[in-house]
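A short reminder: the numbers here are calculations on the coordinates, not readings from a lab. Everything numeric in this text was worked out from a predicted model, so none of it was measured. Ideal geometry is used to build each Cβ from the backbone, glycine not excepted, and the neighbour counts take in all protein chains shown.
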Number of protein chains: 2
Amino acid sequence: MALISLSRRLRRTPFSEGVEAAGVKGYTVYNHMLLPTVFHSIEDDYHHLKRAVQVWDVACERQVELRGPDAGRLMQMLTPRDLRGMLPGQCYYVPIVDETGGMLNDPVAVKLAEDRWWVSIADSDLLYWVKGLAYGFRLDVLVDEPDVSPLAVQGPKSDDLMAAVFGDKVRDIRFFRFGMFEFLGHQLAIARSGYSKQGGFEIYVEGSEIGMPLWNVLMEAGRDLDVRAGCPNLIERIESGLLSYGNDMTDENTPHECGLGRFCNTHTAIGCVGRDALLRVAQEGPVRQIRSIEIDGPAVPACDQLWQIRAGEQVVGRVSSATWSPDFQTNVAIGMVRMTHWNPGTELAVELPDGSRRDALVKEGFWN
Amino acid sequence: MALISLSRRLRRTPFSEGVEAAGVKGYTVYNHMLLPTVFHSIEDDYHHLKRAVQVWDVACERQVELRGPDAGRLMQMLTPRDLRGMLPGQCYYVPIVDETGGMLNDPVAVKLAEDRWWVSIADSDLLYWVKGLAYGFRLDVLVDEPDVSPLAVQGPKSDDLMAAVFGDKVRDIRFFRFGMFEFLGHQLAIARSGYSKQGGFEIYVEGSEIGMPLWNVLMEAGRDLDVRAGCPNLIERIESGLLSYGNDMTDENTPHECGLGRFCNTHTAIGCVGRDALLRVAQEGPVRQIRSIEIDGPAVPACDQLWQIRAGEQVVGRVSSATWSPDFQTNVAIGMVRMTHWNPGTELAVELPDGSRRDALVKEGFWN
């Protein structure tokens, strides 16, 4: 195991002090920023996430802000999802594609007002694409990265912890909606969302200076709830089928391949980049697609590169994320499989980095 | 010290196998790819780099390829450096700015032909900016990331090692020029360049499959030269004044602030994005600029965030990179200082993360 070498380029967050005090043991880098990956152990963090409540430093979900008269037009250019019915106060998961329909990011769009949006991004410099389009099309819109750092509260006791800090009104927030709540004189957007299937919220912390005060208040208020510092959990996210840009998909994939066809309203999302290519894809359908895959045998090693999926000697796909699941007592995985072999129940083999092969099964759905 | 958690998203390189076999001890992440930071120790790697020769996996210097009739026009849009006199076979260091003159990247442009360029990028997804401009301006140009992974050979014995593998003709390559050389049937661009001041080359390895064969041939041929696996060295790069995008500059800085005004031919680089803003900057001059700074006392800690530079109680700048230099027996640093205090010989103070202050001195130049 190698160490991570710290530098200013791997940005700290407004919550780094709290993360360090909580004994973070591992990091990844996401949007040029530190993202914790483990505190106690990945397995221990996983069990705790499923039974209690955790506070996650996900400041690395940076925002791209679109502001001005052309903000709505630009936002619709970015995604094949039809945004006409979206209201301020809503969050939409939006695939972002280039002119060929290749995925550039899979963020959550937050509509603050008709002329103001935040795009809460996955791991790529989407800011550069949005700025390039705004400049090229001479749009009247300001595009930048504001001082906004999401802090997630995740786990079955999230409502209780959040209510203790922000009042019971927080319980009324519906899924993928947000409301404005006050903390230390700041108005903060709080959404019912997050990168787990255990329930919870994301607080869009505007103003770095209130980061640690909010972290500390949550930790203090959650003592009786067994609150802990946590982070997106590899096991839970694979069980839950939460895709990761850069892991499970890249710009080589269309949304349809990623199982995101339902977010592509290519007939009505007029003006979106990549529409021509995606209309074609929608008509013909993808020839490979994301599937949940169960891999036999003992715990697989860390999946840090694509593993080939085979039917006999023929390569029919690849695994992009995999780990041992303690709750399901099997290896859970996310892969992309060709249509000839993607039906649930298909028996395949996965080739591990050491050259060995494991029996594998295409599943009907994910494990939650 | 925390571990780095590996995943497919932090891409391996064609040379990762060699890097691991050589006992890499630390990584950073650069363009979503693993970049080694230390093998023996940073100090030991440093002494070795200055006396022998090292092979560096710098595959993370990804290429953005521009190809087609509008490639030259697009390339000039990207940078305020006048490219009219540039010939195929040349490499130019080119600041890339947005419409306000803020730095987006500081890559090396490699001109392969009149209608074909590689941009060898620093740590940001420049591909997205270039694609956005190409799409917005409807240019006839293909923009993508080719399968090209630079491998650097650095150190005073670089010429001997390279000549042993590619023949004596490699010695004739002039600084920031490249020639084409054959390896296993592939034609590879080899430039006299690299991220150190110890001399050397960068091999643009086109085709991942020849990565490890080339790595092994270099290691074998360099036995008598004491060749080792190495990596960009923190101490040497600060001594040499090699700036790092994301560390020493971000999109908040103009090229002039970074001391790169000589690469901004804003009067003649017609068509470049950000020209209006940079003409203004060129006229008025920057109010703060990169300086080399010597920090008194024992070795400073890792500089993973900006350190304030003070004149009395007034904040007059910030340090962005700093480390102990064994050869110069002082702490060497790179910082940005306001014009009121940027003259060589100015005595200042640097505030470390623990709140303590160290005497500091603005230097005339860097340490090489």
Proxy reagent accessibility, fewest Cβ within 10 Å first, across B:S356, A:S149 | B:S356, A:S149
Binning every alpha carbon pair distance of the protein assembly as shown at 10 Å from zero, what are the percents per bin?
-> 3, 13, 23, 27, 22, 10, 2, 0
Label point 7 Å beyond Cα along the C-beta direction, distances from A:E313 to other copies (nm, shortest first) | 8.0
List, in order, the whole-Hz ³J(HN,Hα) value for each residue of region A:305-320 obtained from phi through the Karplus relation with A = 6.51, B = -1.76, C = 1.60 and θ = phi - 60°; use x for Gly and Pro.
-> 7, 5, 10, 5, 9, 10, 10, x, 8, 7, 7, 10, x, 8, 8, 10
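If a/c stays under 1.5 just call it rounded; otherwise compare a/b with b/c (prolate if a/b is bigger, oblate if not). Do that for region A:63-144, with a ≥ b ≥ c from the square roots of the Cα gyration tensor eigenvalues. Display every interim value, and only then the final one.
Details: a/c = 1.43, a/b = 1.09, b/c = 1.31.
Rounded, since a/c falls under 1.5.
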Of A:G185, B:S356, A:V19, farthest towards positive along the dipole that unit charges on Lys, Arg, Asp, Glu beta carbons give the protein assembly as shown | A:G185
Shortest-first nm distances, B:P326 label point to equivalent points in other copies (7 Å, Cα→Cβ) = 4.4
Would you tell me the mean number of C-beta atoms belonging to other protein chains that fall within 10 Å of each C-beta in A:119-126, as a whole number?
-> 3
With each label point set 7 Å from Cα along the Cα-Cβ vector, what nm distance links A:D160 and A:D147?
-> 3.6
Before anything else, pin down the relative contact order of region A:63-144: Cα pairs under 8 Å, at least 6 apart, normalised by residue count, whole percent.
-> 39
What is the count of Lys pairs in chain B whose alpha carbons sit under 25 Å apart, if the two are 8 or more places apart or on different chains?
-> 14
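Given 0.36 nm per residue, what is the gain on full extension from B:T268 to B:D354 after removing their alpha carbon distance, in nm?
Result: 26.2 nm gained on full extension.
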Could you work out the relative contact order of chain B, using alpha carbon pairs under 8 angstrom and six or more residues apart, expressed as a whole percent?
-> 17
Calculated from DSSP helices alone, with each H run of at least 4 adding -39500 (n - 2.57) and the total divided by the residues of chain B, [θ]222 nm to the nearest 500 comes to -5500 deg cm²/dmol
If we hang a label 7 Å off Cα along the beta carbon direction at A:A299, how far is it from the matching labels on the other copies, in nm, shortest first?
-> 3.4
Give me the distance between the Cα centres of region A:290-368 and region B:92-147, rounded to whole Å.
-> 38
Along Cα→Cβ, 7 Å out, is where each label goes; now give me the distance between the ones at A:M339 and B:K169 in nm to one decimal.
-> 5.0
What is the fewest-to-most order of B:F175, B:F166, A:F366 by other Cβ atoms lying within 10 Å of their Cβ?
-> B:F175, A:F366, B:F166
Three-way shape call for chain A based on the alpha-carbon gyration tensor, with the a/c threshold at 1.5 = oblate
Centroid-to-centroid separation of region B:235-283 and region A:158-217 [C-alpha atoms, Å] = 40
Linear extension gain, A:D224 paired with A:E252, 0.36 nm per residue minus alpha-carbon span | 5.4 nm
When A:L151, B:L133 are ranked with the fewest other C-beta atoms within 10 Å first, the list becomes B:L133, A:L151
Two-site label geometry, B:H47 and B:D327: point separation in nm, points 7 Å out along Cα→Cβ = 1.4
